[in-house]
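Asks: The structure follows.
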């Protein structure tokens with residue numbers, strides 16, 4: 001009996017010692033052990049390479065088009081006769097096109113039926129959906145807005161150089177929020193990245209503190225978005241298209257107050273005058289830009305579903321080379 005008790009005590013101590021440490025803020029995004037991050041299943045390298053290629057091409061094209069639209073219609077400008085393509089309007093268009101595309105694909109492919117069955121099996125409530133996607137929505141909205149605002153202060157090359165700091169934020173945020181730690185070599189590899197970003201940024205002709213700080217904030221928001229989204233994917237409670245659609249819908253709700261404020265504070269115009277001004281925007285160019293952004297977003301989620309969030313962050317940093 002004594003031997004059995006000692007064996008049980010050692011086993012319990014081993015389980016407690018080997019249990020992964022959870023971050024002090026982990027309950028912000030998760031509420032049960034079911035949503036903890038698990039190692040992704042092994043994926044064929046060709047599939048990952050294919051997804052990354054699509055992501056790189058669509059993302060590069062979308063960012064160049066975004067930059068052109070923001071500069072061509074930069075505020076404050078000519079009032080109601082020449083409305084500006086503000087970051088808020090651009091983000092609104094991207095989210096609307098993405099949400100409509102996701103709903104169409106879910107209906108056509110039968111993903112909606114799978115999502116309904118999954119919701120029934122996991123006994124998912126509305127509050128579970130809000131708790132899972134509200135933080136992601138805030139990160140998505142802030143990441144997009146800060147990216148477009150940074151384009152008004154610095155060049156697109158400098159903006160993406162500053163956003164290459166994502167791996168630094170990734171290891172820090174993962175440790176603080178979820179208690180995920182890496183080998184010492186991983187942390188040492190961040191030193192040359194930090195030095196390279198600092199050197200490349202301060203020597204850029206368009207460098208200024210405001211634009212650089214906004215771009216770095218965008219990198220932080222993107223890292224928070226990826227980590228939270230990966231944990232939602234790993235929970236197995238939502239399908240791929242359902243995750244993408246819920247992120248877009250929640251981001252639209254998050255953007256609504258900012259959009260309402262902008263509509264009533266743009267050059268003293270009321271809401272209806274602002275709507276008439278929006279109607280004069282170049283919608284063909286904006287629609288094409290929204291399609292590019294949707295392809296970039298879907299491919300980014302696809303890559304994230306195949307690899308760990310740190311690997312996805314590194315892939316995202318390598319994408320900056322195309323900028």
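Each reported figure results from applying straightforward, stated rules to the coordinates on display, with no laboratory input. Owing to the predicted nature of the structure, the values given are computational and were not obtained by experimental measurement. Note: ideal-geometry Cβ built from the backbone for every residue, glycine included; neighbour counts use all protein chains shown.
Asks: For a footprinting-style exposure proxy, rank 299, 218 by other Cβ within 10 Å, fewest first. Please list the in-between numbers first.
Replies: On the way: 299 20, 218 25.
Lowest count first: 299, 218.
Asks: Just rank 141, 229, fewest to most, by other beta-carbon atoms within 10 angstrom.
Replies: Least to most surrounded, the residues fall as 141, 229.
Asks: Moving on to the next point. Order by neighbour count: 133, 288, fewest other Cβ atoms within 10 Å first, most last.
Replies: Details: 133 25, 288 14.
Fewest to most other Cβ atoms nearby, the residues stand as 288, 133.
Asks: Roughly what would the spin-label model give for residue 187 and residue 287, points 7 Å off Cα along C-beta, in nm?
Replies: 5.3 nm
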